[in-house]
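Student: One structure, pasted below without further comment.
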Protein chains: 4
Amino acid sequence: MRFGAGIWLFGQFVDRYATDAYGPEVSTLEAIDAAGSVGDIEVLDINYPFTEGVSVADVRAALERHGISAWCITPHIYTREFRAGAFTNPEPAVRRRALELCEEAVDVAKQLGAPTVKLWPGQDGWDFPLQCDYREVWRLSLEGVKAVAAMDEAIRVAIEYKAKEPRVHISYANAARTLLGIAQMGREDIGIVVDLGHSLFAKETPADALHLVNDHGRLYTVEVNDNWREWDDDLPVASVHLVETIEFFLALRQIGWDQPILLDQFPFRENPVEAARASINTMRAIDAALDRLDLDALADAQQRQDPLASQRLVTDLLLGGARVG
Amino acid sequence: MRFGAGIWLFGQFVDRYATDAYGPEVSTLEAIDAAGSVGDIEVLDINYPFTEGVSVADVRAALERHGISAWCITPHIYTREFRAGAFTNPEPAVRRRALELCEEAVDVAKQLGAPTVKLWPGQDGWDFPLQCDYREVWRLSLEGVKAVAAMDEAIRVAIEYKAKEPRVHISYANAARTLLGIAQMGREDIGIVVDLGHSLFAKETPADALHLVNDHGRLYTVEVNDNWREWDDDLPVASVHLVETIEFFLALRQIGWDQPILLDQFPFRENPVEAARASINTMRAIDAALDRLDLDALADAQQRQDPLASQRLVTDLLLGGARVG
Amino acid sequence: MRFGAGIWLFGQFVDRYATDAYGPEVSTLEAIDAAGSVGDIEVLDINYPFTEGVSVADVRAALERHGISAWCITPHIYTREFRAGAFTNPEPAVRRRALELCEEAVDVAKQLGAPTVKLWPGQDGWDFPLQCDYREVWRLSLEGVKAVAAMDEAIRVAIEYKAKEPRVHISYANAARTLLGIAQMGREDIGIVVDLGHSLFAKETPADALHLVNDHGRLYTVEVNDNWREWDDDLPVASVHLVETIEFFLALRQIGWDQPILLDQFPFRENPVEAARASINTMRAIDAALDRLDLDALADAQQRQDPLASQRLVTDLLLGGARVG
Amino acid sequence: MRFGAGIWLFGQFVDRYATDAYGPEVSTLEAIDAAGSVGDIEVLDINYPFTEGVSVADVRAALERHGISAWCITPHIYTREFRAGAFTNPEPAVRRRALELCEEAVDVAKQLGAPTVKLWPGQDGWDFPLQCDYREVWRLSLEGVKAVAAMDEAIRVAIEYKAKEPRVHISYANAARTLLGIAQMGREDIGIVVDLGHSLFAKETPADALHLVNDHGRLYTVEVNDNWREWDDDLPVASVHLVETIEFFLALRQIGWDQPILLDQFPFRENPVEAARASINTMRAIDAALDRLDLDALADAQQRQDPLASQRLVTDLLLGGARVG
């Protein structure tokens, strides 16, 4: 298992109530230092623009200092300027500005050696019934991502889907919708971020979504965390859905995933370094547990679609214990 | 506007608590008579097998008596025999039996002049984490529908998606996933039932889902009802989500839908004929209201993605009233 | 740990799709035999009326044969007759009939030595906006339960709350609302069934709900199962929410619960005896695991409200594993 | 109908993505000016502390300039300092600081002539399973509110319940739980804010919750908005749930509510003054529509619990139209 993180895990959190933020400001460089102090982070997904005064050279130096690679560059296409949409903004000038920002992100990705620009168009969608022309919003969603993919042959684009927040309904809402959009775009260099928490939130079965995306050849990157399935709570891995998380990691084994697995957490009230370590420890422990799982017995139970048999394997693995009957 | 109904609206309802049923038994012929008595039902979606002792000739005669056409034949692939799945059942013999039943339904469709066999594989999916091999279940889901589509050149197949019930997770869960599966099947004679209630339940925006399916050329039939977005309650049209229902009917106008709109209701505690009339009356009233809606002003508001402007048009339409500011 | 079950676990299941039922008919006596064959069932919650032709003496004999006691008698106040409500039915005659049925249940409880009549008014509530006068429905809900409690000094009444199904909105929807109603009724012999699955479904934190009910002195009986939090799926214990189930059993220890814990499962597609054993095995394994949990460390973490610390205790317990950082 | 607003409607919005905020900074005085420009705002719910440099005298003068009264003072007990809880914070020193801030709010309420201090302990609760001792958190929740109520005889306290956000689970989660807590506190000067959106979000039936709170004598203030029932979206009134909003306003008539109705909106992407006017216009139109509603016919339908009859009254009111059958 190899690990990475979204750099925001180590940043400053704010929300609409704690408007004075959950902690002090953190520069991009300080966040890299924090990531480096975790001890197991190989790669980072880095937001662009960086915090004020930080250059690409500064970021490269900080990453090198910690032996960390840039995995994705994720442009901030969901800040004030883009509050009414980035790719789907009704104003052509704002859409152009979104593409310019993405182009800068592509350039930064090349400079930092990151293979991927991640797009998370969290302001692209709608809030109310009857607000927009859904066909036009979808067309703009596709057009925008396609334009970014066309910017540079060497940089691929990964779409991170999410059902909502900050927009009440986000265009790229779930895995199937995003795959459908990618097919419409007709390019080979556009893929998907499967984020375990976003999949839970989209009411998907995450292991099923992972296979679906992978079988379509579009699995570019994987993010992990947990939530209560009703919001993108970004809690540590397996803090709520342990059984489904185990199933997700089993699916990662099945597809032979050997790329890093990235943490996507918002530890509003916890120490970020400790919160990252908690998830990594849990993932290592899940990985070790999977080594002990009788995969033949599980395959046999699944071939019969026998839930009591597969559950018993999991329960034995996690709880041990004597048996009745 | 033209109307139809699923014949089950006029049948006997049962659930796991009122195991003595919510009313007396109703034969297929009695249900057709009830549908005929509504006064506005042009077409029916008819379950097959019929109730005991009823022949195709009997059904044809009953339909002719009321001037009703058969719109779909929907095979019962979700009864006891198929409780662990129809197309995805782990037992090959049960899968074969499901296909045989579908073949009979195709034959009945031809005999009754129905253009479509509707497939609702409500037992195909899973209940528990780790129960099955998701890739295999998806493969079987596609294989089964494809086999039915291949049965007869003249009969097309429409998939009705739903997130869950009776299976806890159903394979064909939402519009995008179903479109993706249809693309994988690679046939031109497989389409989708967009059911307004199933779309609400799938946390979709129904008007958006309708356009998406239509733009992919896969809109075969439309069903309507309402629910509380957390279950397939099958309530009368617009009883809960009036604004979104208006938006859905506007989308039907936009795509030029001139086929019947079918009621999919389960009036457990109401008179079915009255429950059907309630929905039809509501739909006629929505249709009349749409005639009064300023479509240019709406298009302008939507082009600007201005929710306050589009909401005001709807509020004025429904509530009238003086204005502040 | 002592175990019991709702007798329905061993009965025939039906729903609105598999109207030919998920399996053959099962008499009350056959269900008791099945419960006896599990090997660990001490008590049963028994529905009244029994299946046709079964007398109280027959039930007593069957229970004695298996060394099982009657724990609750639960009258069928949610069948066809009561489809529009039992205690809250708009027809006074139906409300009277509901009370008569409850009176028979009270009498059967006395004859069988059961201390409790359980009331689950699953048809009492509403389906649509504007359907009813909420104050009157609540008044009738209270009046009905209070009348049953007054029937016999020796028999107490336990209300089983649930958010919905079969009624779209059920009056006794969650723990707090039910406690509030009990306070309004002003009697000491009315309590609550905390059903782990109903609590998950009501979006409660089950361990919190258990303490709340217990601290109000109203915890009469406990039922267990699991679901996906969006419906009362009645799956085996801990099949989805292992961590929260462990927390719930820890809460049962904290309050010193030494009464039986009853299974409330609907194994639509599984062998009921095996499904019951699966849950019992899981509960025994959880119980053994709780013996290994460092309760002082957990109390310390909880006193500090430190989620990473308490999660680590649980993760270590379930997964073991080495540590980073 | 009389109207008011939460002052935050006119303030600066920020969230965890648009960390540069959805618009520029707004001082308390500018927000009062904006409220005054709406044209129909009689009262304000005002957050304390005010923005920097603003005194009580400044606020009083600004209110007087617009003929607006202070309705509630709402202390900011959910900012950084209180991120791990205000009344339930594990640190006694932080709990004391929360009470000090509330005491200042009580004092400001007296100075401004506001009858009520509103408490919204949005950080009081938990995020993870096993994080805390639920009994202790509940005890602290009650103790804190009770202490504030005891601060001044002339100022009463209103609790605003919400299911979650920012805390993943908030202690005062719904109407019934809050009423139960108030009963435990044993004081007469503690009541409830029924917020229409929070009630929808809590999966309550808002009109039912309103009656329940009012019948317990605890309805202190009413806030309105709309959402998609899965989050506290704070959209304009009736933008999603028109029928239930009409039902809610009918319930307000039934209880004879003659106090102001306060807007609780977050117009992230709209002009706040226009968003406020949109809601007020909708409410005036609903009010006018209610004048045309046949209340006797509705009462008759509700007495029979006949949903088709009551729906028809609403549909006729909103849509008019001819009738079938």
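The values are calculated or read from the model by the stated rules, or taken from the named source; none is laboratory data. It should be emphasised that the depicted structure is a prediction, and the values quoted were computed from it without experimental measurement. Note: ideal-geometry Cβ built from the backbone for every residue, glycine included; neighbour counts use all protein chains shown. For accessibility, only protein heavy atoms count, side chains too; no ligands or nucleic acids. Shrake-Rupley method; radii C 1.70, N 1.55, O 1.52, S 1.80 Å.
Student: Using Cα pairs closer than 8 Å and at least 6 residues apart in sequence, work out the relative contact order for chain C, in percent. Before the final figure, lay out the partial values.
Tutor: On the way: 576 pairs, mean separation 51.2, N = 325.
16 percent.
Student: Put the label 7 Å from Cα along Cα→Cβ for residue A:49; what are its distances to the other copies, in nanometres, shortest first?
Tutor: 2.9, 7.2, 7.8
Student: Separate question: If you take each beta carbon of peptide B:119-129 and count the beta carbons of other chains within 10 angstrom, what is the mean?
Tutor: Numbers: counts 0, 1, 0, 3, 4, 0, 2, 5, 12, 17, 19.
Whole-number average of other-chain Cβ neighbours for B:119-129 is 6.
Student: In addition: Determine the total buried accessible area between chain B and chain A, counting protein heavy atoms only with a 1.4 Å probe; round to the nearest 100 Å². Can you show the working numbers first?
Tutor: Numbers: alone 15360 and 15370 Å², together 26760 Å².
Buried surface at the B/A interface: approximately 4000 Å².
Student: Can I ask one more? Over the protein assembly as shown, what percent of the accessible surface lies on carbon and sulfur atoms, probe 1.4 Å? Working shown, then result.
Tutor: Details: 18660 of 40050 Å².
Here carbon and sulfur together make up 47 percent of the probe-accessible area.
Student: In degrees, nearest 10, range 0 to 90: what is the angle between the Cα axis of helix B:56-66 and the longest Cα principal axis of chain B?
Tutor: Roughly 20 degrees between the two axes.
Student: Just give the residues from the stretch C:71-95 buried by at least 20 square angstrom of accessible area in the all-chains context relative to the isolated chain, probe 1.4 Å, and say none if nothing qualifies.
Tutor: Correct list: C:78, C:79, C:80, C:83, C:90.
Student: Using a probe radius of 1.4 Å on heavy atoms only, what accessible surface per residue do you get for the stretch B:26-170? Whole Å² is fine.
Tutor: Working: 4910 Å² over 145 residues.
The answer is 34 Å² per residue.
Student: Between beta-carbons, use under 9 Å as the cut-off and find the net charge around residue B:23, counting Lys and Arg +1, Asp and Glu -1. It would help to have the intermediate numbers written out before the result.
Tutor: Working: positive: C:80, C:83; negative: B:25.
Charge balance near residue B:23 sits at +1.
Student: Taking beta carbons within 10 Å but only from partner chains, what does the mean come to for residues A:263-276?
Tutor: Working: counts 0, 0, 0, 1, 3, 8, 11, 6, 1, 0, 1, 5, 3, 2.
Counting Cβ atoms of other protein chains within 10 Å of each residue's Cβ and averaging gives 3.
Student: Given label points at 7 Å from Cα along Cα→Cβ, what nm distances, shortest first, separate residue D:153 from the same residue in every other copy?
Tutor: When each copy's label point is compared with this one, the spacings are 4.7, 8.6, 9.5 nm.
Student: I've got another one for you. Based on the alpha-carbon gyration tensor of the protein assembly as shown and its eigenvalue square roots a ≥ b ≥ c, which shape applies: rounded if a/c is under 1.5, prolate if not and a/b is larger than b/c, or oblate?
Tutor: Working: a/c = 1.18, a/b = 1.14, b/c = 1.03.
It comes out rounded by the Cα gyration axes.
Student: Output the antiparallel fraction of DSSP beta bridges having both residues in chain D, as a percent to the nearest 5.
Tutor: Details: 3 of 33 bridges.
The antiparallel fraction comes to roughly 10 percent.
Student: Pop out the ³J(HN,Hα) list for the stretch B:261-276 in order, Karplus 6.51 cos²θ - 1.76 cosθ + 1.60 with θ = phi - 60°, rounded to Hz; leave Gly and Pro as x.
Tutor: Computed from phi, the couplings for the stretch B:261-276 are 10, 9, 6, 10, 10, 10, x, 3, 10, 10, 5, x, 5, 5, 5, 5 Hz.
Student: Still on this model: Using a Förster radius of 30 Å, what is the FRET efficiency between residue A:188 and residue A:293 based on their Cβ-Cβ separation? Nearest 0.05, please. Kindly include the intermediate steps, with their values, before the conclusion.
Tutor: Numbers: r = 35 Å, r/R0 = 1.18.
Result of the calculation: an efficiency of 0.25.
Student: Please report, in debye to the nearest 20, how large the charge dipole of chain A is about its Cα centre when each Lys and Arg carries +1 at its beta carbon and each Asp and Glu carries -1 there. Working shown, then result.
Tutor: Values: 31 positive and 51 negative charges, 109 e Å.
Using only the charged Cβ atoms, the result is roughly 520 debye.
Student: If the chain between residue B:215 and residue B:150 were fully stretched, how many nm would it gain, using 0.36 nm times the residue separation less the Cα-Cα distance?
Tutor: On the way: separation 65, 0.36 × 65 = 23.40 nm, distance 2.36 nm.
Full-extension gain reported as 21.0 nm.
Student: If you average 1/r over all unlike Cα pairs in the stretch A:70-180 and invert the result, what Kirkwood radius do you get in angstrom?
Tutor: Numbers: mean 1/r = 0.0720 Å⁻¹.
Mean inverse Cα-Cα distance, inverted, gives 13.9 Å.
Student: List, shortest first and in nm to one decimal, how far the label point of residue B:297 (7 Å from Cα along Cα→Cβ) is from its counterparts in the other copies.
Tutor: 2.7, 6.7, 6.9
Student: Filter B:203/C:162; B:203/D:146; A:203/B:110; C:164/D:162; B:118/B:203 down to the pairs with a C-alpha to C-alpha distance above 31 Å, please. All intermediate terms of the calculation are to be shown ahead of the outcome.
Tutor: On the way: B:203/C:162 23 Å; B:203/D:146 41 Å; A:203/B:110 38 Å; C:164/D:162 21 Å; B:118/B:203 23 Å.
Beyond 31 Å: B:203/D:146; A:203/B:110.
Student: Whole-Hz Karplus ³J(HN,Hα) for the stretch C:28-33, in order, using 6.51 cos²θ - 1.76 cosθ + 1.60 and θ = phi - 60°, x for Gly and Pro?
Tutor: After applying 6.51 cos²θ - 1.76 cosθ + 1.60, I find 3, 6, 5, 5, 5, 4 Hz.
Student: What's the minimum Cβ distance from chain A to the axis relating it to B, in whole Å, and which residue gives it?
Tutor: A:176, 2
Student: Nothing charged except the Cβ atoms of Lys and Arg (+1) and of Asp and Glu (-1): what's the magnitude of the dipole of the stretch A:40-134 about its Cα centre? Round to the nearest 20 debye.
Tutor: On the way: 9 positive and 15 negative charges, 21 e Å.
Roughly 100 debye for the stretch A:40-134.
Student: Can you list the residues of the stretch A:11-39 with backbone N under 18 Å from a point 7 Å past the Cα of residue D:52, pointing along Cα to Cβ?
Tutor: What the label zone holds, given the 18 Å backbone N cut-off, is A:18-26.
Student: In addition: Do any residues of the stretch A:1-26 lose at least 50 Å² of accessible area when the full set of protein chains is present rather than just their chain alone, and if so which, with a 1.4 Å probe?
Tutor: Buried by 50 Å² or more upon assembly, which counts only protein chains, are A:14, A:16, A:17, A:20, A:22.
Student: Amide H of residue A:263: which non-local residues (sequence gap of 5 or more, or other chain) have their own amide H closer than 5 Å, using H built in the peptide plane?
Tutor: A:4, A:5, A:6, A:224
Student: Related question: Tell me, what does the Kirkwood hydrodynamic radius of chain C come to in angstroms if you use every pair of distinct C-alpha atoms?
Tutor: Taking every pair of different Cα atoms in chain C, averaging 1/r and inverting gives 20.5 Å.
Student: To continue, here is another question. In the neighborhood of residue B:34, defined by Cβ-to-Cβ distances under 14 Å, what is the net charge if each Lys or Arg adds +1 and each Asp or Glu adds -1? Show your work: numbers first, answer last.
Tutor: On the way: positive: B:65, B:277; negative: B:25, B:30, B:33, B:40, B:270, B:274.
With Lys, Arg at +1 and Asp, Glu at -1, the net is -4.
Student: State the answer as a single residue: which of C:73, C:252, C:134 lies farthest towards the positive end of the charge dipole of chain C, with beta carbon charges of +1 for Lys and Arg and -1 for Asp and Glu, about the Cα centre.
Tutor: C:134
Student: Return the equivalent ellipsoid semi-axes of the stretch A:131-278 as a descending list in whole Å, where each equals the square root of 5 times an eigenvalue of the C-alpha gyration tensor.
Tutor: Working: eigenvalues 136, 67, 42 Å².
Gyration-tensor ellipsoid for the stretch A:131-278: 26, 18, 15 Å.
Student: Then there is this: Among D:29, D:196, D:262, which one shows the highest mean-square fluctuation when chain D is modelled as a Gaussian network with alpha-carbon springs under 10 Å?
Tutor: Per the Cα network of chain D with a 10 Å cutoff, D:29 tops the list.
Student: Also: Between the alpha-carbon centers of the stretch D:219-263 and the stretch A:92-162, tell me the distance in whole angstrom.
Tutor: The stretch D:219-263 and the stretch A:92-162 have Cα centres separated by 37 Å.
Student: With a 10 Å cut-off between alpha carbons and a GNM built on chain C, which of C:49, C:24, C:75 moves the most?
Tutor: Of the options given, C:24 has the highest mean-square fluctuation.
Student: 5 Å is the cut-off here: which amide hydrogens, built 1.01 Å from N in the peptide plane, fall below it relative to residue C:20, excluding neighbours closer than 5 in sequence?
Tutor: HN-HN under 5 Å from residue C:20: B:80.
Student: Rank these by accessible area, largest first, 1.4 Å probe: D:167, A:284. Before the final figure, lay out the partial values.
Tutor: Details: D:167 5, A:284 85 Å².
Greatest to least solvent exposure: A:284, D:167.
Student: From the C-alpha gyration tensor of the stretch B:1-121, pull out the three semi-axes of the equivalent ellipsoid (sqrt of 5λ each), sorted largest to smallest, in whole Å. Let's see the in-between values first.
Tutor: Working: eigenvalues 124, 69, 29 Å².
Semi-axes, largest first: 25, 19, 12 Å.
Student: Can you give the % of DSSP beta bridges in the stretch C:176-325 that are antiparallel, to the nearest 5?
Tutor: Working: 1 of 8 bridges.
Of the beta bridges lying entirely in the stretch C:176-325, close to 10 percent run antiparallel.
Student: Please list, in chain and number order, the residues 5+ apart from residue B:118 or on another chain whose amide H is under 5 Å from its amide H, with Hs placed from the backbone.
Tutor: Answer set, sorted by chain and number: B:73, B:74, B:158.
Student: Within 10 Å of each Cβ of A:167-176, how many other protein chain Cβ atoms are there on average?
Tutor: Values: counts 3, 9, 5, 0, 1, 0, 6, 7, 3, 9.
Taking the mean over all residues of the peptide, I get 4.
Student: In whole Hz, with x marking every Gly and Pro, tabulate ³J(HN,Hα) for the stretch D:91-106 from phi via Karplus 6.51 cos²θ - 1.76 cosθ + 1.60, θ = phi - 60°.
Tutor: 8, x, 5, 6, 4, 5, 5, 4, 5, 4, 5, 5, 5, 4, 5, 4
Student: Compute a Gaussian network model of chain A, connecting alpha carbons closer than 10 Å, and tell me which residue from A:72, A:102, A:132 fluctuates the most.
Tutor: It is A:132.
Student: Given charges of +1 on the Cβ of Lys and Arg and -1 on the Cβ of Asp and Glu, with all other atoms neutral, how large is the dipole of the stretch D:74-126 about its Cα centre, in debye to the nearest 20? List each step's numbers first, then the result.
Tutor: Values: 7 positive and 7 negative charges, 20 e Å.
In total the dipole reaches around 100 debye.
Student: Taking the dipole about the Cα centre of the stretch D:11-118, with the C-beta of Lys and Arg at +1 and of Asp and Glu at -1, give me whichever of D:18, D:63, D:29 is farthest to the positive side.
Tutor: D:18
Student: Restricting to DSSP H runs of at least four residues, report the calculated mean residue ellipticity at 222 nm for chain A, -39500 (n - 2.57) per run over all residues, nearest 500 deg cm²/dmol. Before the final figure, lay out the partial values.
Tutor: Numbers: 11 runs with 142 residues, N = 325.
About -14000 deg cm²/dmol.
Student: Moving on. What percent does the relative contact order of the stretch C:1-84 come to when contacts are Cα pairs within less than 8 Å and at least six residues apart? Could the numbers behind the result be given before it?
Tutor: Details: 109 pairs, mean separation 26.3, N = 84.
That works out to 31 percent.
Student: Here is a follow-up. Place the peptides B:199-206, A:10-17 in order of packing, highest mean first, counting for every residue the other Cβ atoms within 10 Å and averaging per peptide.
Tutor: Numbers: B:199-206: 23.2, A:10-17: 21.6.
Ranking the peptides B:199-206, A:10-17 by packing returns B:199-206, A:10-17.
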